[in-house]
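Before any comments, here is the structure.
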Amino acid sequence: MKRCDKIIIGAGLYGLYAALFCARQGDSVLVLECEEGPFRRATYVNQARVHMGYHYPRSLSTALKSKGYFDRFVRDYDFCILKDFHQIYATGARYSWTSAEQFRRFCRNAEIRCEDLAPSRYFKPGLCDGAFLTKEYTYDAAILRDYFLEQLGQTDVELRYGVKLSGIRREGDCWELDWGEGRARAPFVLNAAYAGVNQIQRMAGFEPFRIKYELCEIILCDVSENFREIGFTVMDGPFFSIMPFGRTGLHSLTSVTFTPHMTSYDSEPVFPCQSRDGNLCVPGRLGNCNDCPARPESAWPYMSSLARKYLREEYAFRYAGSLFSMKPILMASEVDDSRPTVIRENSREPAFVSVLSGKINTVYDLDEVLRNE
Amino acid sequence: MNDHKEESFVSAIVYLHDHQDFAAPFLHRLAGLLREHFLNYEIICVDDGSTDDTLPRLRQAAREAEGCMVSIVKLNSCQGYEAAMNAGTDLAIGDYLFEFDSPVMDYDPALILQVYRKTGEGYDIVSASNRLYKRASSRLFYNIFNKNAKLQYAIGSESFRVVSRRAVNKAASLGRSVRYRKAFYANCGLKTCRISYDGDRALLRSRDSNAGHRADTAAASLILFTDVAYKASIGIALFMMLATVFMAVYALVVFISRRAIEGFTTTMLVMTGSFFGVFALMAVIIKYLSVIVEMVFEKQEYRVESVEKISK
Ligand SMILES: Cc1cc2nc3c(=O)[nH]c(=O)nc-3n(C[C@H](O)[C@H](O)[C@H](O)COP(=O)(O)OP(=O)(O)OC[C@H]3O[C@@H](n4cnc5c(N)ncnc54)[C@H](O)[C@@H]3O)c2cc1C
């Protein structure tokens, strides 16, 4: 039986950030991860956008808050961030909830960069009514992962991979966690399992988060030379985004309509593909969608047609691969729009805290629950 | 296995308005044909404010359509064929767009493929028209229209057409929402062709829905694309001006020949003078209106209530 101050479930960004934070304040920490390594799921398989707030043209307060997170994240993790490309936002001429003028005004109020460009320089005629040069970056998960591993290596945090948890019990003033070949106890547990958050809630006997699940596809593309240093995001509605994917040299292609392949409204995700994957993934134990043999066929024909409909021919892109991951989305009732990341203190003494993150750079929300008095 | 299938991404857009009996069978047949012959496709149904059972039946049929992406655009009120079709084409992402003017399929589904293949011969717009469809009112309309509009191609009544992305972009670059799409396509400078077929007689009466909006579109397109209405009204105004001048001359002649009753000439002169003024003013107003009409139609927009995506 291993004893420590804090047990963290999940080795995504949230788990490893928490581990490092706690180690630095002198806690002994154990991280339990079901995969064979860190950053295998959402932290790697996502659009890698360091959000500035442009996505909230209909909520100024959220935008202002995002800006603060943005500055801090960029300062702290500068080494994994790609900055030197033109991030171009455009407003769709049809079906957009926000017009060019509204977007302009919103950026002015939020005091975020927004310089007018000629839409015709990038987009086919009549499709976008505004194009804007903005300030937004992308982060590289592999570099970030190596940084965390290196930093954690200088502490005595223990990372255990391949852990299939089988039980979580309260024993006096501690939580006791069981898995096949081991057992550990601590007075503090952080549930940072993201798409797996509810299976941990259930094991510990706590209320599940009210979420729906989307099985998402991020397409990676090779782009033409003139496109290397440009990212496009067309909004605000059924549009798309194609922008650099960290420092990989590839672009990610996503769309509001086609990135989500399937949706599950169950408390723990239930999908038809789970019957075809040879038991790697069941509703109570979510597997890794990216490595799954039953992962869906790519939506490349749809997403590429959508992007080509808008982009001028000279911005060429080719299919390079697909990444899949599960995205848990909080149902409306739990969403406080100004705080996309939800932290729940299920119990104190012993403490059991759960986090469901909305964005990469809101990871700092963890500080207040992790800090020892 | 896929080598006989068409590579292009096609979007099929269908207009529906109170078509509860036709919606589901149409969707099934269309999805079947697309599945068989195309690698990549989507179907977009635009419901133009139906008040019958069209929408629920459509949803049901969309859920049953295996391996097919169906979007249902629901307009928030009945806005007419042209606006509804624009809502559909704006959402479409295909290289080629099928525009079905109604879900009444009075032809063999294979015709859809035949029309599509014609684009391979260099046509950007290919339409299918029912030879048997000869309603007097629409014949009259097309006659007047073609005589006066001086488009590159004559237009006629059609059941559906396929349009290349190039043509759609071209229409968009003309900088206004398409108020009367057939006329736009016929005049966008790209090659057009029409395939005629003998439609199912039993369905001949089913295809006209939303007659009010169609008449409205017909009137509007005559005003927009031809100068028939403008010429007629200006002509009448000028004729009336001329008539008042004659009246004035007549009154003066009567006065000079001293056969007039006391006060007749003054009354006549005041009357003809003011009528002249009224008609002159009208001529100016008509000219003025014709300019405004252009600008107003540029802003013609549709209002969408919801877009629903149903797939697999
Ligand atoms: C498609 C998509 C696009 C996104 N785009 C962006 C974006 O552009 N910008 C942005 O800021 N955010 C984006 N996000 C959100 C962002 O990815 C997440 O907020 C963030 O990665 C969550 O980090 P995490 O550490 O909580 O989750 P994860 O990285 O998923 O980590 C959770 C870890 O828990 C482990 N785990 C799960 N269940 C168990 C279990 N039972 N036992 C042990 N371990 C378990 C998992 O294996 C995983 O390693 C996107 C998300 C998705 C899905």
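Each helix, a run of at least 4 DSSP H residues, gives -39500 (n - 2.57); summed and divided by the residues of chain A, these come to -6000 deg cm²/dmol at 222 nm. Can you list the cysteines of chain A that have no other Cys Cβ under 4.7 Å away? Isolated Cys, chain A: A:Cys4, A:Cys22, A:Cys34, A:Cys80, A:Cys128, A:Cys174, A:Cys216, A:Cys221, A:Cys273, A:Cys281, A:Cys289, A:Cys292.
Please report the relative contact order for chain A, taking Cα pairs under 8 Å with a sequence separation of at least 6, and give it as a percent rounded to a whole number.
Details: 785 pairs, mean separation 84.6, N = 373.
Over chain A, the number comes to 23 percent.
Listing A:Asp116, A:Asp222 from fewest to most neighbouring C-beta atoms within 10 Å gives A:Asp116, A:Asp222.
So for chain B: antiparallel DSSP bridges make up what percent, rounded to the nearest 5? Display every interim value, and only then the final one.
Working: 15 of 41 bridges.
Antiparallel bridges: around 35 percent, rounded to the nearest 5.
Only counting other Cβ atoms within 10 Å, I'd like B:Val126, A:Val234 sorted with the fewest neighbours first. Could the numbers behind the result be given before it?
Working: B:Val126 24, A:Val234 28.
Listing B:Val126, A:Val234 from fewest to most nearby Cβ atoms yields B:Val126, A:Val234.
If each residue's Cβ is checked for other Cβ atoms within 10 Å, how do B:Glu82, A:Glu225 rank with the fewest at the top? Show your work: numbers first, answer last.
Numbers: B:Glu82 23, A:Glu225 7.
Result, fewest neighbours first: A:Glu225, B:Glu82.
Positive end of the dipole of the protein assembly as shown (Cβ unit charges, origin at the Cα centre): among A:Ala141, B:Pro56, A:Gly12, the Cα lying farthest that way belongs to B:Pro56.
Can you give me the relative contact order of segment A:155-294 as a percent, contacts being Cα pairs under 8 Å and 6 or more apart?
Taking the mean separation of contacting Cα pairs over the length of segment A:155-294, I get 17 percent.
So how tilted is helix A:300-310 from the main axis of chain A? Cα-based, degrees 0 to 90, rounded to 10. Between the helix axis and the principal axis of chain A, the angle is about 40 degrees. Between B:Ser306 and B:Ala280, the simple label model (points 7 Å from Cα in the Cβ direction) yields a spacing of 6.0 nm. Taking every alpha-carbon pair under 8 Å whose residues sit at least 6 apart, chain B reaches a relative contact order of 23 percent.
No lab work stands behind these numbers, since they all come straight from the coordinates. None of the values given here were measured: they were computed from a predicted structure. Cβ atoms come from the backbone with ideal geometry, glycine included; neighbour counts cover every protein chain shown.
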